[in-house]
Ligand code: SF4
Ligand code: SF4
């Protein structure tokens, strides 16, 4: 699953994630992170046969887990379908459909925000 993990200041220095990886042999892919001593958040992909147990462990240890169904959102009103974002996406998550409208594949998106920063009309927003 893809999820935002939120860390409060009192747990930011604890090795909860590495303990979960060790105990449950989960694959833990960090897509985006902003962690400071005052807390922070990470966008991650977690997978493995014991994924659920690993996530339960992380939550029990005090990290908030919010499933990320969508990482970015396009504002239809603002998008002018210029296509500038398409070639910038490092994982080919944005494509131009037959009707010339651009579409974002939520499964592929890794939340790098290249498209957010490159859009001339501010049509793409990052969910956090
Ligand atoms: S760069 Fe912005 S305006 Fe251009 S296609 Fe992408 S979302 Fe639409
Ligand atoms: S956030 Fe990054 S990965 Fe996701 S659609 Fe935009 S450019 Fe692609």
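Bear in mind these aren't lab numbers, they're just calculated from the coordinates by the rules spelled out. Remember, it's a predicted structure, so these values are computed and weren't measured experimentally. All Cβ positions, glycine included, derive from the backbone under ideal geometry; neighbour counts span all protein chains shown.
Quick notes on this one:
- Sorted by Cβ density within 10 Å, fewest first, the residues 103, 76: 76, 103
- The stretch between residue 30 and residue 121 holds 29.9 nm of extra length on full extension. This uses 0.36 nm per residue minus the Cα-Cα distance.
- Whole-number percent relative contact order across segment 67-128, with pairs defined as alpha carbons under 8 Å at least 6 apart: 46 percent
- Helical mean residue ellipticity (222 nm; -39500 (n - 2.57) per DSSP H run of 4+; nearest 500) of the chain: -5000 deg cm²/dmol
- Taking a ≥ b ≥ c as the square roots of the eigenvalues of the Cα gyration tensor, an a/c ratio below 1.5 marks segment 70-128 as rounded.
- With 5 Å bins from 0: P(r) over the chain, alpha-carbon pairs, percent: 2, 11, 19, 19, 15, 12, 10, 8, 4, 1, 0
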